[in-house]
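Scroll down for the structure; my scribbles are underneath it.
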Amino acid sequence: MKRGFFGGAFDPIHEGHLNLAKSVFKDLGLDSLELIPNAAPPHKKASSLNFSLRVDLIKLAIKDYPFMKVNEMEKDLKHKHYTYDTLEHLRKIYGKDDPLFFLMGEDSLLALDTWHLGLKLTDFAHLAIIKRPGFNLAKASPILRDYLKDHLVTRDDPHFEEYKNKPCGKCFLLDSKLYDVSSSRLRHTLVEFYQDQNDKALSYLKEEVPDLVLKEILKHKLYQDLT
């Protein structure tokens, strides 16, 4: 089975996350896609909403997508969760033969040589790279450029399908669209709506947040403590 993994804060989960997940699922011909919310990422401040609430919202968001599920392996707040450790653990769970794909943006790839054992991630999984406007792999550091010579695969590579069926080892540069929705903007828009019941704010939230998720957020006035 080809398995995909999508990590992030999902604070809150939004249509951009879902559309990206669906696009990559189709582009790579995956059999499943696991969303991995993080409790204590090494490079970000704490999330606005606690882990269990974010998980509940994700479950609502993916209710109609049977190929998606939530993986809670990063729920422990006691230590930082490095992608290297996560992928090493996933490889142990799924064995040595299944192709595993970890989603990341082109901006993250450009910083991969600064991550904890970042250039070792492909020892456990392929990286599914989503193009981002304003980022160019030509600007990669010398170390990363050297790494990509052996690892980068584009759609026009004659061995694309062959590599896709291998367990790990490559960075697939995909044509999947990045639906650039800002979780930060959504949180601030929620604050704006709570303050004055602004119709424009509500319209934006309805456009960018799955219906069931938005109803749950508004019902319990989640994120209002940001005011």
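Assorted remarks:
- Inter-label distance for Asn165 and Asp97, nm, one decimal - labels placed 7 Å from Cα along Cα-to-Cβ: 1.3
- Helix 15-28 axis, angle to the chain major axis (alpha carbon atoms, nearest 10°): 20
- 3J(HN,Hα) along segment 58-74: 4, 4, 5, 5, 9, 3, 9, 10, x, 7, 9, 8, 9, 10, 9, 5, 9 Hz, from the Karplus curve 6.51 cos²θ - 1.76 cosθ + 1.60 with θ = phi - 60°, whole Hz, x for Gly and Pro.
- Cβ-based net charge around Phe135, under 9 Å, with every Lys or Arg adding one and every Asp or Glu removing one: +1
- Estimated distance in nm for a label pair at Lys219 and Asp150, the labels positioned 7 Å out from Cα along Cα-to-Cβ: 5.3
- Shape category assigned to segment 183-226 from the gyration tensor of Cα positions, a/c cut at 1.5: rounded
- Shape category assigned to segment 23-102 from the gyration tensor of Cα positions, a/c cut at 1.5: oblate
- Calculated FRET value between Lys120 and Asp211, using beta carbons and R₀ = 45 Å, to 0.05: 0.65
- Charge context of Ser32, other residues only, Cβ under 9 angstrom, K/R +1, D/E -1: +1
- Spin-label zone in segment 182-205 - amide nitrogen under 18 Å from a point set 7 Å from the Cα of Ala111 along the C-beta vector: 182-185
- When each of Lys26/Lys131; Lys22/Lys215; Lys78/Lys166; Lys69/Lys96; Lys26/Lys221 is checked by Cα-Cα distance, pairs over 26 Å: Lys78/Lys166; Lys26/Lys221
- Environment charge at Lys215 (Cβ cut-off 13 Å; Lys +1, Arg +1, Asp -1, Glu -1): +1
- Ellipticity estimate at 222 nm from DSSP helix runs (n ≥ 4, -39,500 (n - 2.57)) divided over the chain, nearest 500: -11500 deg cm²/dmol
Readers should treat all values here as calculations from the given coordinates under stated rules, not as data from a laboratory. Just so it is clear, the model here is predicted, and its values are computed rather than measured. Note that each Cβ is placed from the backbone with ideal geometry, even for glycine, and that neighbours are counted across all protein chains shown.
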